[in-house]
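Enquirer: Provided herewith is a single structure, encoded as structure tokens, for subsequent inquiry.
Just so you know, all these numbers are worked out from the coordinates, no wet-lab data involved. What you see is a predicted model; the values in this text were computed from it and never measured. Note that each Cβ is placed from the backbone with ideal geometry, even for glycine, and that neighbours are counted across all protein chains shown.
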Amino acid sequence: MISSYENIFTKRANAYQAAMKEYPEAREEEFKTLIEYSKLKRYFKVADIPSGSCYLKRYIEKLISEVYFIEPTQAFLNNCSKSENTIQCQLDKIPIEENFFDRVFSLAGSHHIDKKINLYKEIYRILKKNGQFIYADVLHASKEDSFLNHFVNQHNSLGHNGIFIEEKKTLNELRISGFKINSYKYEKYHWNFSSKSNMVIFIKNLFGLDKASIDTILNGLENILGYKKDNKGYHLSWGLYFIVATKP
């Protein structure tokens, strides 16, 4: 089992990017939910950690003027525009001065990081006083946990062994790191697609399901996550645990 974020996405970044590039609006509800928690102001300095291939850009670029995309995997950053503020580094050693950012986002990437408290402490260091950490990831023992650590683990040749948010433990680690907890909530929403086939292809690439057939993926989505169809398309159920924490 490959365990580190950088090793995993050095191998998976191209397929992940293919999914996000071909269906850029699929996760729109997720990104917008993240931003709604942030109370952004135009002059804020903002970081996305880990950023993947600068996916937050399309949802935030009209709201603020200065965004940094901080990512350990060069294979992801290769897909970003050269005009972006990108930093390739280990996430417990970010080459940014103390008290620099007004907001730091982290969306659905930290579960591949073993010692998350080191990440929390580094984010605390680079935040300004009264700056906020907007943190969202899979909740332990949720249906998303089951899908990733069982279904994806079975059908991805690299496996999947995510270390997900456990409410009591995670909130305690954030407090130990210096944060004050403002709010925490499991948010449910949908990933949206124009067709069933688009939904399956997106999931296959995003999660690297190289060992699964189309029918197997569709059965997994239906039986574990659930989806609905209406006149606008297919809507896959998803959810993350959102935490807002402030540096006092």
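Enquirer: How large, in Å, is the range 137-197 by the Kirkwood hydrodynamic radius built from its alpha-carbon pairs?
Expert: 13.9
Enquirer: For the range 1-110, which chymotrypsin sites (Phe, Trp or Tyr not before Pro) pass both filters: DSSP loop (anything but H, G, I, E, B) and at most 15 other C-beta atoms within 10 Å?
Expert: Details: sites: 5, 9, 16, 31, 37, 43, 44, 55, 59, 68, 69, 76, 100, 101, 105; in loops: 37, 43, 44, 55, 100.
Passing both the DSSP loop test and the Cβ count: 43.
Enquirer: If we restrict to alpha carbons, what Rg and Dmax does the range 88-145 come to, in Å?
Expert: Calculated on Cα positions, Rg and Dmax stand at 12.4, 39 Å.
Enquirer: Of the residues 114, 48, 230, which exhibits the maximal mean-square fluctuation in a Gaussian network model of the chain defined by a 10 Å Cα contact cut-off?
Expert: 230
Enquirer: Mind listing which trypsin sites (Lys or Arg not before Pro) in the range 145-242 are in a DSSP loop and have 13 or fewer other Cβ atoms within 10 Å?
Expert: Passing sites in the range 145-242 are 211, 232.
Enquirer: Follow-up. May I ask you to derive the relative contact order of the range 53-117, considering only C-alpha pairs under 8 Å and at least 6 residues apart, and to give it as an integer percent?
Expert: Once divided by the residue count of the range 53-117, the mean separation gives 26 percent.
Enquirer: Report Rg (one decimal) and Dmax (nearest whole number) for the range 82-202, counting Cα atoms only, units Å.
Expert: Both quantities, over Cα of the range 82-202: 16.6, 47 Å.
Enquirer: Expressed as a fraction of 2.2 N^0.38 Å, the rule-of-thumb size for a compact globular protein of N residues, what is the C-alpha radius of gyration of the chain?
Expert: Dividing the Cα radius of gyration by 2.2 N^0.38 Å gives 0.97.
Enquirer: Restricting the calculation to Cα positions, tell me the Rg (one decimal) and the Dmax (whole number) of the range 42-101 in Å.
Expert: Using the Cα atoms of the range 42-101, the pair Rg, Dmax is 11.1, 30 Å.
Enquirer: So in the chain, which Cys have no other cysteine's beta-carbon sitting under 4.7 angstrom from theirs?
Expert: 89
Enquirer: Output needed for the range 31-142: three equivalent-ellipsoid semi-axes, defined as square roots of 5 times the C-alpha gyration tensor eigenvalues, in descending order, whole Å.
Expert: Details: eigenvalues 68, 56, 49 Å².
Gyration-tensor ellipsoid for the range 31-142: 18, 17, 16 Å.
Enquirer: What trypsin sites (Lys or Arg not before Pro) does the range 57-144 have in DSSP loop regions with at most 14 other beta carbons within 10 Å? Could you put the intermediate results ahead of the total?
Expert: Values: sites: 57, 58, 62, 82, 93, 103, 115, 116, 121, 125, 128, 129, 143; in loops: 62, 82, 93, 115.
Loop-located and lightly packed - 62, 82, 93, 115.
Enquirer: Tell me, which longest segment in the chain has none of the GluC sites (Glu not before Pro) that fall in DSSP loops with at most 10 further Cβ atoms within 10 Å?
Expert: Details: sites that count: 97, 98.
In short, 99-248.
Enquirer: Please compute the alpha carbon radius of gyration of the range 13-56, then divide it by the globular-protein estimate 2.2 N^0.38 Å. Two decimals is fine.
Expert: After normalising by residue count via 2.2 N^0.38 Å, the value is 1.31.
Enquirer: Given the DSSP H assignment, sum -39500 (n - 2.57) over each helix run of at least 4 residues in the chain and divide by its residue total; what's the result at 222 nm in deg cm²/dmol, nearest 500?
Expert: Here the helix-only value at 222 nm equals -8500 deg cm²/dmol.
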